[in-house]
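Shown next, in structure tokens, is the structure this report addresses.
None of the figures in this text is laboratory data; all of them are computed from the coordinates on show. Remember, it's a predicted structure, so these values are computed and weren't measured experimentally. Cβ coordinates were reconstructed from backbone atoms using ideal geometry, including for glycine residues, and neighbour counts include every protein chain displayed.
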């Protein structure tokens, strides 16, 4: 195709990665961000072999590896009995796979610095609320009523609360999940904690506490941990009214070693309350519109796939545009190339989340007895590792990518 005029709405990981790919494919790219300055949101995440393969393809693997922390194991135990109820090891799979846990600021900065070095135009304070589509072009409409364009393609990377995903052929809004989580980025302490593992403690399915080493937010930063506590957002007021001291006592009664992290939390305002929702657009495309990342599919972070899915979407869109003769065909190819992988992992997340975050009594009972019984019997370790890695179904071949060689 000819050189395209492309607008990307949203400067998160999905938008930044898409900007890099599409600029390098000789398109003219403009990024639009609704905030005064582009910045990261949230605490920590695990970049799985899927997302790391995309970053390697972009030439950014070494940069993110230098900031993050290698993760070899995801481990969880019942807080009272100590019984293992989650034990996933990447080593169960051949090839030497692993994850890298990072501060969201580290991932943002690596991508953002690359975007700046490519000379990609970033326009801030632009809140896109609608689209206008005409013959062969699309225009952005801002909250101030300004019309910006024309563009051959608009890429919606503005997150699950997107205002323009409604212009996809079939759209839907996220269904709020009952449980969210309080998150905080704190100074890392190794006493009692494994620096190469995500560690969690559960009390049935209503309480989940986690500690994830996430490396440094910047080269000059200190090693950090993401600390999280699952809670119902609807009960935030009740939790705050009871006081921070009572909450800390509750955490310590379940996981005493967490005192080194609780000492760094002065009040609830030192943490961020994350709310989760679940949705999957049946067709993440429209006229001159592609929807990627959380705008196209959002879910609980239980399987840790969110940012990784977004990075795969960015690569898929670029591959579709490179291998198609026109925009309409490219959008169809993009949607098709991601459909199987997205639907499989959205279904898995929907199925597994209630075992770890819900009010159910029977599901954690089954979990606590079934997981220890089968977790060491093949092929269960391999299946669990494939789910966490994001490779239970192949996401690479349909989007023209080969998995990174790990060894």
Taking into account only those residues within the stretch 277-295 that are assigned to a loop (DSSP other than H, G, I, E, B) and touching a helix residue (DSSP H, G or I) at 6+ places or on another chain (Cβ under 7 Å), which is surrounded by the fewest Cβ atoms within 10 Å (Cβ to Cβ)? 281
Output the helices (runs of 4 or more DSSP H) that fall wholly within the stretch 304-404 and possess 1 or more residues being more than 24 Å from residue 98 (Cα to Cα), touching a residue at least 40 places away in the same chain (Cβ under 8 Å) and touching a helix residue (DSSP H, G or I) at 6+ places or on another chain (Cβ under 9 Å), or say none. 306-322, 327-356, 362-374
Does residue 13 qualify as being touching a strand residue (DSSP E or B) at 6+ places or on another chain (Cβ under 8 Å) and either closer than 14 Å to residue 314 by Cβ or buried (at least 18 other Cβ atoms within 10 Å of the Cβ) (or both)? no
Odd one out for residue 255 among (1) out of contact with any strand residue (DSSP E or B) (no Cβ under 7 Å at 6 or more places or on another chain); (2) crowded, with 20+ Cβ neighbours inside 10 Å; (3) under 27 Å from residue 88 (Cβ atoms): (1)
Looking at the stretch 114-124, which of its residues are surrounded by 13 or more Cβ atoms within 10 Å (Cβ to Cβ) and touching a helix residue (DSSP H, G or I) at 6+ places or on another chain (Cβ under 9 Å)? 114, 115, 120, 122
